[in-house]
Amino acid sequence: MSTIVRLPETGYLRLKQIIGDKKKNIPAIIPVSATTWWNGCKSGRYPKGIELSSNCTAWKVEDIRDLIEKIDNQNLQKAA
């Protein structure tokens, strides 16, 4: 059973909103581990977060939308 995640038009997303949290029943938008996500941010594969405070990083919804579109386009190219 898949869950459709609706993103807000603008704003920010926290890590658990992006990669999901099974304990809190939050579905993943990008189904990767936290380590994979952080490594991807460092390498440039995933967007850089914005540090809101010393213990709080968030990502622009627009950047996550762009990432989803990029992943979808890559999957289409592989299928062709």
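Of the numbered criteria (1) in contact (Cβ under 8 Å) with a residue 24 or more places away in the chain; (2) not in a helix (DSSP H, G or I), the one Lys48 fails is (1).
Residues in segment 19-31 that are on the phi < 0 side of the Ramachandran plot, assigned to a loop (DSSP other than H, G, I, E, B) and open to solvent by less than 60 Å² (accessible area, probe 1.4 Å): how many? Number satisfying all stated conditions: 4. Test Lys16 against the criterion of being basic (Lys, Arg), touching a Phe, Trp or Tyr at 6+ places or on another chain (Cβ under 9 Å), surrounded by 10 or more Cβ atoms within 10 Å (Cβ to Cβ) and modelled with pLDDT of 95 or more, and give yes or no. Judged against the criteria, Lys16 is not a match.
Among residues of segment 12-25 that are closer than 16 Å to Leu67 by Cα, none has a Cβ under 6 angstrom from a residue that is open to solvent by 100 Å² or more (accessible area, probe 1.4 Å) at a sequence gap of 6+ or on a separate chain.
Considering every residue within segment 32-44, establish whether at least one is open to solvent by 90 Å² or more (accessible area, probe 1.4 Å) and assigned to a loop (DSSP other than H, G, I, E, B). No: zero hits. Residues in segment 55-71 that are open to solvent by less than 80 Å² (accessible area, probe 1.4 Å) and either farther than 20 Å from Cys41 by Cα or assigned to a helix (DSSP H, G or I) (or both): Val61, Glu62, Asp63, Ile64, Leu67, Ile68, Ile71.
The values are calculated or read from the model by the stated rules, or taken from the named source; none is laboratory data. Owing to the predicted nature of the structure, the values given are computational and were not obtained by experimental measurement. Every residue, glycine among them, receives a Cβ derived from its backbone with ideal geometry; neighbour counts consider all protein chains shown. What goes into the accessible areas is simple: the full protein's heavy atoms, side chains included, and nothing from ligands, DNA or RNA. Shrake-Rupley method; radii C 1.70, N 1.55, O 1.52, S 1.80 Å.
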